[in-house]
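What follows is a short report on a single structure.
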Amino acid sequence: MEYKEILLNTAVCAIAADNVIDQREIESLKKIEKNSPYFSSIDLEQTLQSSLDTCMSDIESFTNSTLERITKSNLNVVQELTLLEISLRIIAADDIITEEEEQFIIRLRTVLKLDDLIISERF
């Protein structure tokens, strides 16, 4: 359950990174949720809105907290790749990639233990 919360919070950070909650990014997350086991057992609608509200009230604090939680968690390679993949898919959903979104991905990358070779092979 902790990983699913980290995954959801990371997705929220990706949605909010540019200070705009774009409906296409939310729909992308919902599509991911429907087509995968990533968020099963989480009431996505209610949890997502609550997390977005919290995040938008202080994006920097929410992002820092999420990244710190990732750092302290003992995630495996698949879990870390999933965090990165979902973030990239959400950011790309509105066909606009801002500098703030790029910075979020860079910050996310710094807390992941993944080897660059694994990332380049995957993406």
Accessible surface of Ile118 in the full protein assembly, 1.4 angstrom probe, to the nearest 10 Å²?
-> 70
What percentage of the solvent-accessible surface of the chain, computed with a 1.4 Å probe over protein heavy atoms, is contributed by carbon and sulfur atoms?
-> 50
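Can you list which of the trypsin sites (Lys or Arg not before Pro) found in the range 74-123 are DSSP loop residues with at most 15 other C-beta atoms within 10 Å?
Lys113
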Place +1 on the Cβ of every Lys and Arg and -1 on the Cβ of every Asp and Glu in the chain, take the dipole about the Cα centre, and give the residue among Leu52, Asn35, Asn64 whose Cα lies farthest towards its positive end.
-> Asn35
Accessible area (Å², 1.4 Å probe, nearest 10) - Val78 = 100
With an 8 Å cut-off on Cα pairs and a minimum separation of 6 or more residues, tell me the relative contact order of the chain in percent.
-> 39
Expressed per residue, the solvent accessible area of the chain in Å² (1.4 Å probe) is about 54
Debye, to nearest 20: dipole size of the chain, +1 on Lys, Arg Cβ, -1 on Asp, Glu Cβ = 480
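The values are calculated or read from the model by the stated rules, or taken from the named source; none is laboratory data. Computed from a prediction, not measured in an experiment: that's the story for all the values here. Cβ coordinates were reconstructed from backbone atoms using ideal geometry, including for glycine residues, and neighbour counts include every protein chain displayed. The area values use the complete protein model at the heavy-atom level, side chains included, leaving out ligands, DNA and RNA. Shrake-Rupley method; radii C 1.70, N 1.55, O 1.52, S 1.80 Å.
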